[in-house]
Structure formats: structure tokens, C-alpha cells
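> Can you read through this structure? Questions will come right after.
The values are calculated or read from the model by the stated rules, or taken from the named source; none is laboratory data. Computed from a prediction, not measured in an experiment: that's the story for all the values here. Here the Cβ is made from the backbone with ideal geometry for all residues, glycine too, and neighbour counts use every protein chain on show. Please note that ligands, DNA and RNA were not included when accessible areas were found on the heavy atoms of the full protein model with its side chains. Shrake-Rupley method; radii C 1.70, N 1.55, O 1.52, S 1.80 Å.
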Amino acid sequence: VQLQASGGGLVQAGDSLRLSCAASGRTFSSNVMGWFRQAPGKEREFVAAISRSGGSTSYADSVKGRFTISRDNTKNTMYLQMNSLKPEDTAVYHCAARGGVELRRFSYEYNWWGQGTQVTVSS
């Protein structure tokens, strides 16, 4: 699976951004998809995951209620709608895919990764 994340940028606190992750290769709908982020000097952390059909989602506590993960299997694309952004959301955001059915939160459980898109939130 090849993954390409896009949509990052520089915004102010309170603004919104929508990230996209375009997939090619292995059938998109066969994969659980996830978003992770990594801030400078910090470990990569889980943000959100979505089931193969899109019917189930999982979020990190730090983004719950502000971020929404979704997918469009007809377009082979996953999204992350980010509202009420905070400076602590600043990071490189990576999309990832795994071949199982469970929604997992650890990066080692994902098989394929995109290159990442930078999100910077100024105060």
C-alpha cells in the first residue's frame, strides 16, 4: 500500500484543518486506517483510527471531541478533520494502514506508512 498524506499547514489556535490520505495499491477497504503524529523530540503518538467500513472509530483522549476521522472507500481516501486546533497539536501527521480488523493504537501494529504532513498551530 502506498499512502500520501496532505493538507497540513500553518494555522492559528482555534482554526481548523482537514488532512487527507490517498491510498493506492492493496485494496483500500481491506485496511484499518490510522493517523499518528510526532512532535519534535517526542515519540510518535496515536491520534485516531477507523475501521475498514468506517463504521467504528477510536480517538486519543487529547483529540476526542475536536478531531474526526473518516474515510471514503470509493475514493481510496481517509480524512482527519481537525477543529479547535491548539499549539500542542503541532506535529508531523502520518497516515498508516494495517491489514487486520482491530482498531489499534500502537504504531508497530501498522504495516504501511505515508510520508507525513506538517501541521503547525501558532498561539
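> With a 1.4 Å probe and all protein chains kept in place, how much accessible area does V121 have, in Å² rounded to the nearest 10?
Probe radius 1.4 Å; accessible area of V121 about 10 Å².
> Next question, about the same structure. Translational diffusion coefficient, Stokes-Einstein: compute it for the stretch 1-71 using the Kirkwood radius over C-alpha pairs as Rh, at 37 °C and 0.692 mPa s, and state it as an integer in µm² s⁻¹. Write down the numbers at each step before the final one.
On the way: Rh = 13.5 Å.
In µm²/s, the coefficient rounds to 242.
> Which distance in nm do the two modelled labels at Y108 and A13 give, with both placed 7 Å along the Cα-to-Cβ direction?
Label at Y108, label at A13, 3.6 nm between them.
> At 1.4 Å probe size, put W113, W35 in order of accessible surface, largest to smallest. Can you show the working numbers first?
Numbers: W113 75, W35 0 Å².
Listed by decreasing accessible area, they come as W113, W35.
> Oh, and also: In what order, largest first, do T90, T74, T68 sit by accessible area if the probe radius is 1.4 Å?
T74, T68, T90
> Residue farthest toward the positive end of the dipole of the chain, with Cβ of Lys/Arg at +1 and Asp/Glu at -1: which of Q2, S20, S123?
Checked the options; the winner is Q2.
> Would you kindly derive the ³J(HN,Hα) couplings of the stretch 110-122 from the backbone phi angles with the Karplus curve 6.51 cos²θ - 1.76 cosθ + 1.60 (θ = phi - 60°), listing them in order in whole Hz, with x for Gly and Pro?
Ordered by residue, 3J(HN,Hα) equals 9, 8, 10, 9, x, 7, x, 9, 7, 10, 10, 10, 8 Hz.
> Can I ask one more? With a 1.4 Å probe and all protein chains in place, put E102, E109, E88 in order of accessible area, largest first. Show your work: numbers first, answer last.
On the way: E102 80, E109 40, E88 125 Å².
The ordering from most to least exposed comes out as E88, E102, E109.
> Find which of P40, N73, Y93 sits farthest along the positive direction of the dipole of the chain, computed with +1 on the beta-carbon of Lys and Arg, -1 on that of Asp and Glu, about the Cα centre.
Towards the positive end, the residue furthest out is N73.
> Ok, one more. Once each part is reduced to its C-alpha centroid, what is the distance from the stretch 1-29 to the stretch 35-70 in angstrom?
Cα centroid to Cα centroid, the span is 12 Å.
> Could you do me a favour and compute the accessible area per residue for the chain, 1.4 Å probe, result in Å²?
49 Å²
> Can you give me the pair-distance distribution of the chain, C-alpha pairs, 10 Å bins, whole percents?
Values per bin, smallest distances first: 15, 51, 29, 5, 0.
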